[in-house]
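See below for the structure under consideration.
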Amino acid sequence: MAPFRRENSDEAISQLRCISCGAACATAAPDFRCTTCGDLLEFNFVKWPEDPPALKRLWSQRKTLLKPLDQSGVWRFRELLPQIPEEHAITLREGNTPLYDLPRCAKISSVDTLQAKHQGMNPTASFKDTGMTFAASSAHQQGFRWVACASTGNTSASMAAYAARGNMQSLVLIPEGKISWGKLSQSLDYGALTCQLRTDFDGCVRILNELVRQKPVYLLNSVNPYRIEGQKTAAIELMEQLEWEPPHHIIVPGGNLGNSSAIGKALLEMHDLKLIDRLPKLSIIQAQGANPFYRTVKEFGGKKLESMTAHTQATAIQIGNPASWKKALRVLNETGGAVEEVSEVEIAESKAEIGADGIGCEPASAVTLAGLKKLRKSRFVKQNESVVLILTGHLLKDPDFTIKFHRGDLFAGTPDEQLTSQSARLQRCPVVLDANLGAVIATLEAAERKP
Ligand code: F0G
């Protein structure tokens, strides 16, 4: 089957280049590092489509079509992605995620307009699917039988699903005891070979990098530049949902920093292409106990990565040595965004507040609201500026965290234990009663009397 776009031309439209030395790579090494200097690679587009209004019409029209690739919120934007022939595309109709108003959270953080793009509404319930559909398709195109990733749980769930759909085998390396059961259960059900290593996420990455140099296994972590290309579409779709009127601020969680790099890359490319006429500021928020990027920017002026051993109950972002820090730094600087760190208590409370707006998310996603509150305090975000939070994972990804928070034992035995009285107003502990109508009515009436 012919490639699905640029059908009339063999001309290269994108090129892999090293982000540091600029060397062009015809083919990528198994670890997706530049063979000259060892830094990361990214796609540069040498030929863009030329008619922005026509593109906007085309993308909008595709939403009404029945072809799987047109129904995908990633492949629908294929004019801004490298070429992968259609017969290799593996899609679960990812993307197409809702943009919600968060009225209560807006009030709490004192901004007039607050919205959340909920990437947890993807097929495997996290933002990873948008990058995975594209990178797994690239593995398929190259004829790999095995794909692999190191993960804090969401990448592995997503990879396992897409590998299964594409008839490939998947190998998951996860840190033992440091990922949520929900995420682990996904990779098991989707059929991955799942190895729980007695180390942390960064230790899993080190082993995986050695493995792909020795075995014909395709690396699906976000150092794979196809992942970044697919994840770009979240920002394109967001602009479409806002009728191409960019918000003042977009706020994302920062872990391995692939997502912020991808969203930033999309913003810069859309700006270059004149799809949008100004750049939103892209801000990146980390957990205080897993803040290597925050420290790199604040303490070292972005000159060198300050890696660390990471600790946070937001296990998705428990990462001490983020691979894409240079890419993230570039988009932070070019969009004029800020970097912030937030505490465990701030994360837990913000998560409950997003839940109370009827939306919900997993702990790592809630750093965005916690970060917004800090950015309002420092006046980096003004009250009348529009803000979009990127919620990266679904509430049901980590029910243990949620239940512990509402029962009041999330911080038991930690230094935050004495602080949790502040959280009491947000806690909704389940009430155990006899199966008796009178008891239920008494509980209802007591709840009504509460302020
Ligand atoms: N939010 C969630 C829910 C995540 O799962 C992750 C990363 C992030 C935010 C941070 O995104 O790494 O692109 O900066 N999860 C990875 C994983 C590391 O293995 O699932 P990032």
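Quick look at the numbers
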{"read-out": "Average accessible area per residue (Å²) across the chain - probe 1.4 Å, nucleic acids and ligands excluded", "value": "43 Å²"}
{"read-out": "From the C-alpha gyration tensor of the stretch 126-166, square roots of 5λ in Å", "value": "16, 11, 8"}
{"read-out": "Derived scalar couplings ³J(HN,Hα) [the stretch 406-417; Karplus, 6.51 cos²θ - 1.76 cosθ + 1.60; whole Hz; x for Gly, Pro]", "value": "6, 7, x, 10, 4, 9, 4, x, 10, x, 7, 3"}
{"read-out": "Vicinal HN-Hα couplings computed from phi for the stretch 168-181 (Karplus, 6.51 cos²θ - 1.76 cosθ + 1.60; Hz; Gly/Pro x)", "value": "10, 8, 10, 10, 10, 10, 10, x, 4, x, 10, 10, 6, 4"}
{"read-out": "Given Lys303/Lys326; Lys63/Lys281; Lys326/Lys397, the pairs whose alpha carbons are separated by over 21 Å", "value": "Lys63/Lys281; Lys326/Lys397"}
{"read-out": "Distance-filtered residues of the stretch 265-284 - backbone nitrogen under 17 Å, label point 7 angstrom along Asp51 Cα→Cβ", "value": "274-275"}
{"read-out": "Shape metrics for the stretch 255-358, restricted to C-alpha atoms - Rg then Dmax, Å", "value": "14.7, 42"}
{"read-out": "On Cα atoms only, tilt of 52-62 relative to the major axis of the chain in degrees", "value": "70 degrees"}
{"read-out": "Computed over the stretch 120-271, Kirkwood Rh from alpha-carbon pairs, angstrom", "value": "15.7 Å"}
{"read-out": "Surface share of carbon and sulfur [accessible, 1.4 angstrom probe, percent] for the stretch 236-382", "value": "47 percent"}
{"read-out": "Tilt relative to the chain, helix 154-165 - C-alpha long axis, 0 to 90 degrees, to 10", "value": "50 degrees"}
{"read-out": "Links that overshoot a 25 Å alpha carbon limit, given the list Lys56/Lys265; Lys117/Lys183; Lys298/Lys374; Lys215/Lys304", "value": "Lys215/Lys304"}
{"read-out": "Carbon + sulfur, % of accessible area of the stretch 1-125 - ligands and nucleic acids excluded, 1.4 Å", "value": "50 percent"}
{"read-out": "Cα centroid separation, the stretch 59-133 to the stretch 419-448 (Å)", "value": "38 Å"}
{"read-out": "Full-extension gain in nm, Glu448 to Arg379, via 0.36 nm per residue minus C-alpha separation", "value": "21.1 nm"}
{"read-out": "Over 12 Å [Cα-Cα, the stretch 176-230], rounded percent", "value": "74 percent"}
{"read-out": "Using alpha-carbon coordinates, inclination of helix 344-356 to the longest axis of the chain, degrees", "value": "90 degrees"}
{"read-out": "Cα-based equivalent ellipsoid of the chain: semi-axis lengths in Å, sorted from largest, via gyration tensor", "value": "35, 25, 23"}
{"read-out": "Kirkwood Rh in Å, taken over all unlike Cα pairs in the stretch 270-429", "value": "16.7 Å"}
{"read-out": "Sorted largest first, extent of the stretch 1-128 alpha carbons per principal axis (Å)", "value": "51, 38, 31"}
{"read-out": "Two-site FRET efficiency, Ile441 against Thr113, from Cβ-Cβ distance with R₀ of 56 Å, rounded to 0.05", "value": "0.90"}
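The values are calculated or read from the model by the stated rules, or taken from the named source; none is laboratory data. If you're wondering where the values come from, they're calculated on a predicted model, not measured in any experiment. Glycine also receives a Cβ, built like all others from the backbone with ideal geometry; neighbour counts cover every protein chain displayed. All accessible areas refer to the heavy atoms of the entire protein, side chains included, with ligands and DNA or RNA removed. Shrake-Rupley method; radii C 1.70, N 1.55, O 1.52, S 1.80 Å.
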